[in-house]
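A short write-up of the structure that comes next.
The values are calculated or read from the model by the stated rules, or taken from the named source; none is laboratory data. Keep in mind the model is a prediction, meaning the values are calculated, not measured. Virtual Cβ from ideal backbone geometry, glycine too; neighbours counted across all protein chains shown. Accessible surface is based on the protein model in full, side chains and every heavy atom, while ligands, DNA and RNA are left aside. Shrake-Rupley method; radii C 1.70, N 1.55, O 1.52, S 1.80 Å.
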Amino acid sequence: MDIQTLCNEWDELNREYAELEECNRRNIELLEQLHQHQQKCFNEIKHQRYRMNQISASMRQYKGPVEGEEKEKLDNLLKMSLKRKAQLHEIEQSLPARSGRYLQIILGDVNVSILNRNDKVRYKDDYEKFKLILNVIGLIMAFFNLIFNYRALELAFIFLLVWYYCTLTIRESILKVNGSRIKGWWRAHHFISTVAAGVLLVWPQGEHWQLFRLQFMYFNVYISIVQYLQFGYQKGLLYRLKALGERHNMDITIEGFHSWMWRGLSFLLPFLFIGYAFQAYNAWTLFKLAYYPPDAPWHVSVMCGLFLLLFVGNITTTLLVVPEKIRERAKERYRLQSMGKSMKLRKEMKNSASDLDLSTSSQAASAATTPTAAQPTTTTPTSAAAAAASATATATPTPTPTATATPTPTPAEKKAN
Ligand code: COA
């Protein structure tokens, strides 16, 4: 290649770089706009919550029996307030959230928010798959430990448990930041399990350990099987959640979600309760071991306490799940409705953005075939900007004075904020 050709190539590269700079400038501009929109959404959510609290407080002042039309209006207000709460929660799912203290300590001050409902569902799916894979590995290792009594194999298995539960606590904290309703107990359960696995790791080999060892391995085999069943249940729920954003009739998918959930729960619960009985039995065995044979190491009583704690916490939380689900049926319905709408909206926006992208690139392609179009490809930045603009346009509600203007906080509201 002669030097002139190289210079020409460089000039062409320069032209392309100018486009890249323009694209970057537009990107920064959009990020700035995004930040402003996010702040506005935060303010409006705060305002909505403040007004709702005021209305709810006034509603509570209605004393004595309310009849006829008034009762109907009151019920309607209650229903609408439940619905609005679900809608606000769903809007928050597209906004960044701060990490909790645990994540800040482990990961530092990094943003772990996932701003797209579909990506959140995908992340949850990934979490369930991670649990499944580790459970299969755990099952195989526990099984080998039942056959062979090698210290190295045993330690490898227990070390895997420490790592697994530790990782779960991190993943669950990320899920929590991203709006998961995972109960505090299940997270605490995984912290306690990490501690328990740590104690097992330093439990010295001796008579007490040998007496408990087989029972512990059988327990792990059983838990792995139960966790496989749990995976089937959660996977089924996730599959139906994804369907929410794909079907035209959302009512059908909500019904499908609920009927699957109840069927899944009634299948799963007996296995869970057997698992809890096994935990209580472990605590009982360790309690006896703490006294006989004599000179039990401290690990025996600590493990006894931890198994007892897990048993009590698990059984209480699981027993509360069913009545809570029955009580909060209406709330759950509104939550699913809002979630389905948000997933649908995202999908439509994505489709319209890619349609726009396609049509712009086909225009550019046809222009490129004409002799005047000697320029290198310019579609990417323009179409990306257009797609982003269209996405913003779809996301922003039709500007009505009430919808777009940031609400002016009342003096009382300012004080409350
Ligand atoms: N671990 C992690 N996440 C859990 C969980 C658990 N044990 N139990 C529930 N969750 C999550 C759900 O996936 C859901 O997440 P989302 O908000 O991101 O969708 C959220 O917490 C709320 O779930 P909820 O509606 O209360 O319950 P569910 O119908 O999803 O599950 C059970 C109910 C009882 C099946 C479930 O809690 C469970 O499997 N518990 C048993 C766990 C256990 O005891 N393990 C030890 C075995 S001996």
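These residues, ASP295, ASP125, go from largest to smallest accessible area, 1.4 Å probe, as ASP295, ASP125. Computed over neighbours whose Cβ is under 13 Å from that of LEU175, the net charge equals +4, Lys and Arg +1, Asp and Glu -1. For segment 71-79, backbone phi angles converted through the Karplus equation (6.51, -1.76, 1.60; θ = phi - 60°) give residue-by-residue couplings of 5, 4, 5, 5, 4, 4, 4, 4, 4 Hz, Gly and Pro being listed as x.
Surface exposure of segment 3-95, expressed per residue as accessible area with a 1.4 Å probe, stands at 78 Å². Here the scattering of segment 3-95 is modelled by Debye summation over its C-alpha atoms, one equal scatterer each and no solvent; at q = 0.16, 0.17, 0.25 Å⁻¹ the log10 of I(q)/I(0) is -0.82, -0.86, -1.18.
Averaging the Cα positions of each part gives two centres, and for segment 54-91 and segment 185-233 these lie 47 Å apart. Each Lys or Arg adds one and each Asp or Glu subtracts one; over the other residues with Cβ under 15 Å from the Cβ of LEU107, this totals +2. With the whole protein complex present, TYR276 retains an accessible surface near 20 Å², based on a 1.4 Å probe. Normalised Debye scattering of segment 225-281 at q = 0.12, 0.14, 0.15 Å⁻¹ gives log10 I(q)/I(0) of -0.36, -0.45, -0.50, counting only Cα atoms as equal scatterers and leaving out solvent.
In the complete set of protein chains, residue-level accessible area for THR285 is approximately 20 Å², probe 1.4 angstrom.
The H on the amide N of ALA97, modeled in the peptide plane, is under 5 Å from the matching H of SER113, each at least 5 residues off or on a different chain.
Subtracting the Cα-Cα distance of GLN210 and VAL66 from 0.36 nm times their residue separation leaves 45.0 nm of extension gain.
Neighbours of THR285, meaning other residues whose beta-carbon lies under 15 angstrom from its beta-carbon, give a summed charge of +1 when Lys and Arg score +1 and Asp and Glu score -1. Just the protein heavy atoms count here, and of the accessible area of segment 3-95 at 1.4 Å, carbon and sulfur take up 54 percent.
Taking a straight line from the alpha carbon of LYS235, these aspartates and glutamates sit under 19 Å away, with near neighbours fewer than eight places off in the same chain left out: ASP119, ASP125, ASP126, GLU128, GLU172, GLU246, GLU255, GLU332.
Of the residues TYR228, TYR164, TYR50, the one with the largest accessible area comes first in the ranking TYR228, TYR50, TYR164, computed with a 1.4 Å probe on protein heavy atoms.
So what does log10 I(q)/I(0) come out to for segment 75-148 at q = 0.12, 0.22 Å⁻¹, using the Debye formula with one equal point on every Cα and no solvent? Each listed q maps to, in turn, -0.62, -1.02.
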